[in-house]
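Worksheet for the structure shown next.
The values are calculated or read from the model by the stated rules, or taken from the named source; none is laboratory data. On a predicted model such as this, the values are computed, not experimentally measured, just so you know. Quick reminder, even Gly has a Cβ in these numbers, built from the backbone with ideal geometry, and neighbours come from all protein chains shown.
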């Protein structure tokens with residue numbers, strides 16, 4: 001019993017494991033191949049747009065009568081994003097994460113508005129509203145509507 005208490009105390013006080021801040025302090029996502037960081041030129045096949053990005057969940061008050069089905073007919077999923085102008089399947093990068101356009105929003109929203117799907121209302125509310133740059137994939141022989 002004393003051995004279990006001692007091990008638990010050591011683990012939870014951080015005596016054996018460095019604190020999380022020390023583990024992530026030197027983390028630099030800009031060193032990764034698929035991350036565009038401030039000041040870097042975007043990939044050749046992406047266009048940078050200024051956009052407003054919201055978050056939504058599958059509650060009927062935020063969607064329509066089929067809250068778990070996207071506008072392209074698939075089930076909602078992590079990595080899905082709504083936009084009214086881009087073709088379904090277009091890849092966008094928002095705050096270092098890649099999303100795929102698979103849904104639409106109310107028609108009052110324009111081309112520079114995105115809505116990221118979240119499975120959890122608390123997480124969606126934490127996301128809130130962000131004004132940020134979005135990298136939009138430019139497909140061959142297809143004009144992006146920005």
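Taking the stretch 67-81 as the range and being under 11 Å from the mean Cα position of the chain (by Cα) and crowded, with 18+ Cβ neighbours inside 10 Å as the test, the residues that pass are 80, 81. Scanning the stretch 102-141 for residues that are in contact with a helix residue (DSSP H, G or I) (Cβ under 7 Å, 6 or more places away or on another chain) and part of a strand (DSSP E or B) turns up just one, 116.
Any residue that is farther than 17 Å from residue 47 by Cβ and within 12 Å of the chain's Cα centre (by Cα) - is there at least one of those in the stretch 99-112? The answer is no, given that none of the residues of the stretch 99-112 is farther than 17 Å from residue 47 by Cβ and within 12 Å of the chain's Cα centre (by Cα). Considering the stretch 61-90, and only residues there that are more than 20 Å from residue 129 (Cα to Cα) and assigned to a strand (DSSP E or B), the residue that is modelled with the lowest pLDDT turns out to be 69.
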